[in-house]
Amino acid sequence: MTPACLKCVICGKEFSASARNYTCGVCGQDGTLDVIYDLKAAGKNLSVKSLSMNNDRSMWRYSDILPVENTKNIPALSVGFTPLYRSAKFEREYNVSEFYIKDDGRNPTGSLKDRASALCVAKALDIMDETGAAEPPVIACASTGNAASSLAGFAAVSGIAAYIFVPRNAPAAKVTQLLVYGANVVLVEGDYGDAYDLAAAAIGHFGWYNRNCAINPYLVEGKKTCALEIAEQLNWNVPDRIYISVGDGCCISSLYKGFSDLLELGFIERLPKITGVQAEGAAPIYKAFAENSDKVVFTSAHTLADSISVGSPKNWAKALRAVSRSGGEFLTVSDADITSAIPELARGSGVFAEPAGAAAFAGFRRMARDGKLKNSERVAVVVTGNGLKDIEGAQKSVGKARSCVPDINAFLKLNF
Ligand SMILES: *Cc1c(COP(=O)(O)O)cnc(C)c1O
Ligand SMILES: [Zn+2]
């Protein structure tokens, strides 16, 4: 539905939802905007009952509370409604009453980012309709890898040109995805922060449409469908605590937005404690939280989990709010924790996560081992990206396979 307005997360100033100004004119880049709906009006159409009869098994089953004007602009690539698995094994091992894994690596390009890219492409086509332009706007983004490969896929299916800026050391699988989808790819000699700055300059120069979840407020709305699905899959009885890894802070903010909308609609009774997991070497939001500061100090970033290797997070204000308002916390995990979490999660649940996806599980494991979880707790972990996205990270945890000449005696000598 058409949003009522956009509202600054810092000063609360409201802006018209049709405007293309992306952050608050008063607070600047830190003043990211929330998309506000008339949820009373939305609730006339959308109910627990209407959803139970809705057989659209994609994120668009929630279009009553998504900011898309025209359903014909929804891209053809199916996204969302990813499985939520329950694991009795992890419940036993970590002594919690219920344990769930939301496998968002199952999205079409392999990460949760698809939820935002699908929305971005639909919005770009909305803009074309609104302005009467002959072509949709070119879309551009900077990314550690997944936002890029995701945008490339959705731009391809909707016939929109995409310009993508990624750091030179982005994993090969992600860069290959970009090229396969036919995006215009720039490998920036520097880190994600450098790629971001160059993309911002080019976007400003050419007037491209910005696919960055911190700058473009509509994208967090796409990602919030992950929270809506978890709630619906648990029959509106949300988990006590939910873990997600944090780089820029957009995904964690979108969980908060999704659960908050559901609370206001009256579909759920409380928010889960939203728990953000950062890598030790890239933890500026964790640091601000631990020091009780309301300002994040940018740092350098070093972690093998490339998707959360962010030293200058753009959506820090929303991320801090998500955690403090939901009664959650931030914690950090080491690269060794992340590496060992990959095979443990895969062997225990069948879900192969990329390092940033496994980081959320590593965060849960750490809190459970430290005795910080009650045995009555119901816990969910969001796996944000697929393990095939970055096999180098996974290889570090499992070593090499043994080889054998094609002869049974040689095989027996291997003593498997
Ligand atoms: C983007 C991403 C994250 C982190 O999301 P932010 O919004 O940057 O905090 C985590 N995991 C994966 C796989 C991602 O692609
Ligand atoms: Zn503001």
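Tabulated data for the structure shown
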item	result
Length added when fully stretched, LEU263-SER403, from 0.36 nm per residue minus Cα-Cα	44.9 nm
Farthest toward positive dipole pole in the chain [+1 Lys/Arg, -1 Asp/Glu at C-beta], among PRO272, ASN95, ALA305	ASN95
Shape of the stretch 97-231, Cα gyration tensor, a/c cut at 1.5	oblate
Prolate/oblate/rounded call for the stretch 302-395, Cα gyration tensor, a/c under 1.5 rounded	oblate
1.4 Å probe accessible area per residue over the stretch 120-232, in Å²	33 Å²
Sequence ranges 204-216, 364-376, ranked by mean other-Cβ count within 10 angstrom, highest first	204-216, 364-376
Lys, Arg +1 and Asp, Glu -1 on Cβ, resulting dipole of the chain about Cα centre, debye, nearest 20	820 debye
Area of ASP129 that stays accessible when all protein chains are in place (1.4 Å probe, Å², to 10)	70 Å²
Mean Cβ count within 10 Å, highest first, over the residues of peptides 220-227, 86-93	220-227, 86-93
VAL405, VAL96, VAL138, ranked by accessible area, largest first (probe 1.4 Å)	VAL405, VAL138, VAL96
Orientation-averaged projected area, Cα convex hull of the chain (nm²)	21.6 nm²
The chain - mean residue ellipticity at 222 nm from DSSP helices (-39,500 (n - 2.57) per run, n ≥ 4, rounded to 500)	-12000 deg cm²/dmol
Contour excess over end-to-end distance, with Cα ends at ASN375 and SER334 and 0.36 nm allotted per residue	12.3 nm
Using alpha-carbon coordinates, inclination of helix 316-326 to the longest axis of the chain, degrees	80 degrees
Dipole of the chain, positive direction: furthest Cα of SER143, VAL185, LEU262, with charges on the beta-carbon	LEU262
Å² of accessible area per residue within the stretch 1-73, as computed with a 1.4 Å probe and no ligands counted	52 Å²
Inter-site label distance for THR299 and CYS11 at 7 Å from Cα along Cβ, in nm	3.0 nm
Within straight-line cross-link reach of LYS318, aspartates and glutamates at Cα separation under 14 Å, skipping those fewer than 8 residues along the same chain	ASP30, ASP34, GLU221, ASP248, ASP294, GLU329
Chain lengthening between GLU69 and LEU198 when straightened (0.36 nm per residue, less Cα-Cα)	43.4 nm
Sequence of ILE391, ILE36 when ordered by accessible area, the most exposed leading, probe 1.4 angstrom	ILE391, ILE36
Greater than 32 Å apart at Cα, pairs in LYS44/LYS72; LYS224/LYS400; LYS224/LYS374; LYS40/LYS113; LYS13/LYS273	LYS224/LYS400
ASN54 paired with ASN415, simple spin-label distance in nm, labels 7 Å along Cα-to-beta-carbon	5.9 nm
Residue-normalised accessible area of the stretch 336-403, given per residue in Å² at a 1.4 Å probe	44 Å²
Approximate spin-label separation SER324-GLU344, in nm, with each point projected 7 Å along Cα-to-Cβ	3.1 nm
Accessible surface of the chain [probe 1.4 Å, protein heavy atoms]: carbon and sulfur percent	50 percent
Computed over the chain: relative contact order in percent, which uses C-alpha pairs under 8 Å that are six or more apart	17 percent
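The values are calculated or read from the model by the stated rules, or taken from the named source; none is laboratory data. Because the structure is predicted, anything quoted here is derived from the model rather than measured. Glycine also receives a Cβ, built like all others from the backbone with ideal geometry; neighbour counts cover every protein chain displayed. Quick note on the areas: whole protein, heavy atoms, side chains included, nothing else; ligands and nucleic acids left out. Shrake-Rupley method; radii C 1.70, N 1.55, O 1.52, S 1.80 Å.
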